[in-house]
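The values are calculated or read from the model by the stated rules, or taken from the named source; none is laboratory data. Keep in mind that this is a model prediction, so the values were computed, not measured. Every residue, glycine among them, receives a Cβ derived from its backbone with ideal geometry; neighbour counts consider all protein chains shown.
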Amino acid sequence: MANDGEGVGTGGTRTNLAELRRTHLRPRDSLLNVVHLAATDGLLIAWFWLGFAWLPWWAYVPLSLAACVIHQRAMSEWIHEAAHYSLMGSRRWNDILGNLLSGIWFALPVGVYRASHTAHHRADGFFGPDDPETVFLDVPTRREFRRAILRDLVGGTMVVQYRRFRAEQSEGGGGLGLRIVFAGCLVALLAGMVWLGRLDVIALYYGSLVTLYPLLNRLRTYVQHARLDPDGVATVEGSHVSRTTDCGLVDRIVWTSPRLLYHEEHHRYPYLPWRALAELCEPSDDVNRYVTRRTPVLRAIYRGLPAD
């Protein structure tokens, strides 16, 4: 489902894909990516420090949940960028810093995620058995849709995901050492928060990761990959659609930042880093390629499902 050709049209010219990648993943771009990623981590730490010190609990808790989910969204996008070797020009440092700055939060090595994500790009259709990243998001009825959301909110979906990545790691034989290191880091983090008397950090971050983030990811993935027919009826299982969702500033902060919103372009040219995809993106009237609002797509998906 990717474009394997040698060039892409840009501004009336044909540009070699390798050259396009090089010009958008220079040492300066790699440095900016790492600074951005590290700053995102730093902002979360600063929030937990300052928010706890200055805000009452009734404001601190909900705002912290929002900060955690936004951070998790950002980390998932940077893991995705690293999985395509587009965090840094050096593949070695791409994986080292991708693991240390983003993968560590989820105890998910970049290499383990890369294997799963490669299968997603090669799948013959989304939300089906060929795609391990979306098959568990398929819902045949509205009732199952509601049950799936409930599973997200009680942690069931995260359990499914954890088991999937663990099984894939066992089959592939990779990432075990890193997962042990990550587990040790999480234990050290827990011990540190106990020592500081700040168990709220663990409860808020990992509580939201297990409950709220799976729901955000579910709804984001539906909008990226569900197909809409001319009558507005949505198809989930077997869809071949990859959709760019450029839905404004708040949407970029909460749902999908420029690292992942150019999804139609990304599935055509997965080899290219996000800056190149932003350059290639062109608004379109085709709702299966480009939308500026995600709510109508989600509404069409729900209405298109049978009640039972």
The lone condition residue 236 fails out of (1) touching a residue at least 12 places away in the same chain (Cβ under 8 Å); (2) touching a Pro at 6+ places or on another chain (Cβ under 8 Å) is (2)
### Message
Tell me yes or no: at least one residue of the range 232-249 is of a type in the set (S, T, N, Q) and within 25 Å of residue 47 (Cβ to Cβ).
### Response
no
For the range 20-47, pairs from a residue that is within 12 Å of residue 71 (Cβ to Cβ) to a residue that is of a type in the set (D, E, K, R) and at pLDDT below 95, with Cβ under 8 Å and 6 or more apart or across chains, are none
Considering the range 253-295, residues that are in contact with a helix residue (DSSP H, G or I) (Cβ under 8 Å, 6 or more places away or on another chain) and small (Gly, Ala, Ser), and then whichever is nearest to residue 221 (Cα to Cα), we arrive at 257
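Let me confirm something: among 4, 41, 29, which residue is outside any strand (DSSP E or B) and at pLDDT below 90?
4
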Is it fair to say residue 183 is surrounded by 14 or more Cβ atoms within 10 Å (Cβ to Cβ) and touching a residue at least 24 places away in the same chain (Cβ under 8 Å)?
no
Among the residues of the range 210-234, the number that are in contact with a helix residue (DSSP H, G or I) (Cβ under 7 Å, 6 or more places away or on another chain), surrounded by fewer than 20 Cβ atoms within 10 Å (Cβ to Cβ) and not in a helix (DSSP H, G or I) is 2
Considering residues that are closer than 17 Å to residue 81 by Cα and not hydrophobic (A, V, I, L, M, F, W, C), the number found within the range 269-286 is 6
Q.
I'd like to check something: does the range 11-18 contain any residue that is part of a helix (DSSP H, G or I), at pLDDT 95 or above and either surrounded by 12 or more Cβ atoms within 10 Å (Cβ to Cβ) or out of contact with any Asp or Glu (no Cβ under 7 Å at 6 or more places or on another chain) (or both)?
A. no
Going through (1) farther than 23 Å from residue 78 by Cβ; (2) within 18 Å of the chain's Cα centre (by Cα); (3) β-branched (Val, Ile, Thr) one by one, residue 250 fails only at (1)
Of all helices (runs of 4 or more DSSP H) fully inside the range 235-308, the set with 1 or more residues that are touching a strand residue (DSSP E or B) at 6+ places or on another chain (Cβ under 6 Å) is 263-268, 295-304
